[in-house]
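So the structure is just underneath, and the comments pick up after that.
The values are calculated or read from the model by the stated rules, or taken from the named source; none is laboratory data. Worth saying up front: this structure is predicted, and the values here are computed from it rather than measured. Cβ coordinates were reconstructed from backbone atoms using ideal geometry, including for glycine residues, and neighbour counts include every protein chain displayed.
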Amino acid sequence: MTRIVILGAGFAGLTLATELDALAKQGVADVTLVDRAPHFSMGLNLQWVFAGRRSPQEGQRMYASLRPR
């Protein structure tokens, strides 16, 4: 089995992990996604934070909430 480690769980890392999910389901690869932060922060949310319409936490999603399909 091939081990694949993805460093960085931003848009690119999450997209790659999603694309490699098919290999993981087939048992061909073991995919691990690693990031130093416990949450994903959407940069676009900062526009609303600066305008006082949202808090920074509203643009965050915890990686722990991600589950394999």
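In the set (1) outside any loop (DSSP other than H, G, I, E, B); (2) on the phi > 0 side of the Ramachandran plot, Gly52 fails one condition alone, (1). Of everything in segment 1-29, what is among the small types (Gly, Ala, Ser) and outside any helix (DSSP H, G or I)? Give them in sequence order. Gly8, Ala9, Gly10, Gly27, Ala29 - these are the residues of segment 1-29 that are among the small types (Gly, Ala, Ser) and outside any helix (DSSP H, G or I).
Could you list, in sequence order, all residues of segment 30-49 that are polar (S, T, N, Q), part of a helix (DSSP H, G or I) and at pLDDT 90 or above? Gln47 - this is the single residue of segment 30-49 that is polar (S, T, N, Q), part of a helix (DSSP H, G or I) and at pLDDT 90 or above. Looking at Ala24, Ala29, Ala12, just one residue is loosely packed, with under 12 Cβ neighbours inside 10 Å, out of contact with any Cys (no Cβ under 8 Å at 6 or more places or on another chain) and not charged (D, E, K, R), and that residue is Ala12.
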